[in-house]
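The values are calculated or read from the model by the stated rules, or taken from the named source; none is laboratory data. Because the structure is a prediction, the values reported are computed rather than measured. Note that we place each Cβ from the backbone using ideal geometry, even for glycine, and neighbour counts take in every protein chain shown. Remember, those area values only see protein heavy atoms, side chains included, never the ligands or the DNA or RNA. Shrake-Rupley method; radii C 1.70, N 1.55, O 1.52, S 1.80 Å.
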Amino acid sequence: MVYTEYGTVEKPIIGWFRELGWEYVSPDELKRDIEEPFCLPFLRKAIKTLNPHAIETDEDVDKVINQLRRCSNDITGNRDFFEWLRGERSIIFKQGEKAQTIRLINYDNLENNSFVVTNQFKFAGYKNVRFDVVLMVNGIPLVIIEAKTSTNELIDYTNAINQLLRYHRD
């Protein structure tokens, strides 16, 4: 029997999250371009559902997504994106109108969010990467898990840490 990283680590992790109520979606079923960090069908639905007071059109949804994409890849961008996640950012949709606060996650009723676990999540940013397991809430990747099999004595958790640090640098 061949012990693979998928069989010994990824598959059990996915199973545990499924037991907790997360939906497994294979990377091929996500319907996303590898240059897009978000899973747009889930994100679009969440933006519309969570912001009925502000979102009137698909163009309004696009404006929100474009603001999310503009967050820089540094500490300032991390702070900005965190503010979006906490529902602390606003956007003006039409000139002369008041800015509308946008929610990306429903913290009051967690069951009103989509919780997706996937694996082998490819992303082409500065460099091409493939994350072993990714947890997404409403189409937003929030957690990256770098799995390492315990059946190979030459690989341990430090290899996973180094790989995550490489992703951060790249």
Notebook entry, point to check: For region 89-140, which trypsin sites (Lys or Arg not before Pro) are both in a DSSP coil and crowded by at most 14 other Cβ atoms within 10 Å?
Noted result: LYS94, LYS98, LYS127
Checklist line | Potential extension, GLU59-TYR24 segment - 0.36 nm per residue separation minus Cα distance | finding: 9.7 nm
Note to self: Give me the one-decimal nm value for the distance between modelled label points at GLU35 and VAL143, 7 Å along each residue's Cα-to-Cβ direction.
What the structure shows: 3.1
Next item on the list: Mind checking region 12-63 for GluC sites (Glu not before Pro) that DSSP puts in a loop (not H, G, I, E or B) and that have at most 12 other Cβ atoms within 10 Å?
Entry: GLU35
Note to self: Take the residue pairs LYS11/LYS127; LYS11/LYS45; LYS48/LYS98; LYS63/LYS98 and return only those whose Cα atoms are more than 24 Å apart.
What the structure shows: LYS11/LYS127; LYS11/LYS45
Notebook entry, point to check: Using a 1.4 Å probe, how large is the accessible area of TYR24, given in Å² and rounded to the nearest 10?
Noted result: 70
Notebook entry, point to check: If you stretched the chain out fully between GLN67 and ALA124, how much longer would it get, using 0.36 nm times the residue separation minus the C-alpha to C-alpha distance?
Noted result: 18.6 nm
Margin query: Can you list residues from other chains, or at least 5 along the same chain, whose modelled amide H is less than 5 Å from the amide H of ALA147?
Written below: ASP132, VAL133
Next item on the list: Can you send over the carbon and sulfur percentage of the accessible area for region 24-63, probe radius 1.4 Å, protein chains only?
Entry: 51
Note to self: Give me the net charge for the shell around PHE42: Cβ to Cβ below 14 angstrom, other residues only, Lys and Arg +1, Asp and Glu -1.
What the structure shows: +2
Check: What is the spin-label model distance, in nm, from GLU97 to TRP16 if the labels are put 7 Å beyond Cα along the C-beta direction?
Finding: 4.4
